[in-house]
Amino acid sequence: MGIKIAPSILSANFAKLGREVEEVSNAGADYIHIDVMDGSFVPNITIGPCVVSAIRRYSALPFDVHLMISSPGDHIENFVNAGADIITVHAEAEIHLERLIRKIKSYKNVNNAKETVKAGVSIVPSTHPSVLEYILHELDIVLIMSVNPGFGGQNFIRSQLDKISIVKKMIQERNLNTQISVDGGVNLSNAAEIIKAGADILVAGSAIFGTGDVKKAMDDFLLIK
Ligand code: DX5
Ligand code: ZN
């Protein structure tokens, strides 16, 4: 499987979000990465299910919803109904993570009745990957945060390259299909080493929406796939 590109709409122009989602979808994105922040788990507040629902009609791509919120279990159903295809929760935000993963996967995908919602778990830079040991086989995606979550436009934390390789090894040893998504500070200069470390999905916000030319940025990203 080739590398997938997941533009993060956190760096898009929120005043014309539908258009931005449409543009990046037409430019060859594989997923639309949606950063949900609650001002509690992370300092910033972004968007909720009603915005996800509003932009749903602007793209047929899978919506990859990254929940940076406390008590994520209380909000799964609302994001499913808003059109999420993948829901990623933080290991640091949930004690009963195994149960929450099962809960996410128990929902039908509202965009495609034949599928269930896919589940991801994310870990922040300070979290050891051993937290994945007993849940990895249940996961569609592991999202490795390469910045401290909360804001776009931060620098990639290089210690996370090691973590990507460790998680890749865990997946290979278990013969799983779990995909590794890397989120934070990803750009055209560091993409190659992130892929080499084991990433399957690159999330990029400012390197795509912050450039002023989404089409050109996507063309450049597609070249490294
Ligand atoms: C950070 C978010 C990321 C972020 C990526 O909390 O989860 O998705 O928007 O943005 P860049 O690519 O600008 O680091
Ligand atoms: Zn994200």
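The values are calculated or read from the model by the stated rules, or taken from the named source; none is laboratory data. Just so it is clear, the structure is predicted and the values come from calculations on it, not from any experiment. All Cβ positions, glycine included, derive from the backbone under ideal geometry; neighbour counts span all protein chains shown. Note: areas computed on protein heavy atoms with side chains; ligands, DNA, RNA excluded. Shrake-Rupley method; radii C 1.70, N 1.55, O 1.52, S 1.80 Å.
Key figures
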{"read-out": "Qualifying positions in the stretch 181-207 - within 15 Å of ligand 1 (Cβ to nearest atom), within 19 Å of the chain's Cα centre (by Cα) and farther than 23 Å from D140 by Cβ", "value": "G185, N187, L188, N190, S206, A207"}
{"read-out": "The stretch 130-155, residues that are without any contact (Cβ under 8 Å) to a residue 60 or more places away in the chain, open to solvent by less than 10 Å² (accessible area, probe 1.4 Å) and not aliphatic (A, V, I, L, M)", "value": "S146"}
{"read-out": "Condition broken by K103, with the remaining ones in (1) under 17 Å from the mean Cα position of the chain (by Cα); (2) within 21 Å of S53 (Cα to Cα); (3) of a type outside the set (A, V, I, L, M, F, W, C); (4) part of a helix (DSSP H, G or I) satisfied", "value": "(1)"}
{"read-out": "Residue tally, condition of a type in the set (A, V, I, L, M), outside any loop (DSSP other than H, G, I, E, B), open to solvent by 20 Å² or more (accessible area, probe 1.4 Å) and over 24 Å from G18 (Cα atoms), over the stretch 178-225", "value": "3"}
{"read-out": "Matching residues, the stretch 1-26, being charged (D, E, K, R) and in contact with a helix residue (DSSP H, G or I) (Cβ under 7 Å, 6 or more places away or on another chain)", "value": "E20, E22, E23"}
{"read-out": "Some residue of the stretch 19-32 being open to solvent by 40 Å² or more (accessible area, probe 1.4 Å) and assigned to a loop (DSSP other than H, G, I, E, B)", "value": "no"}
{"read-out": "Count of residues meeting criterion [in a loop (DSSP other than H, G, I, E, B) and over 17 Å from the mean Cα position of the chain (by Cα)] in the stretch 76-100", "value": "3"}
{"read-out": "Members of the stretch 35-58 found to be within 12 Å of ligand 1 (Cβ to nearest atom), in contact with a helix residue (DSSP H, G or I) (Cβ under 6 Å, 6 or more places away or on another chain) and either without any contact (Cβ under 8 Å) to a residue 40 or more places away in the chain or under 19 Å from S206 (Cβ atoms) (or both), listed by number", "value": "D35"}
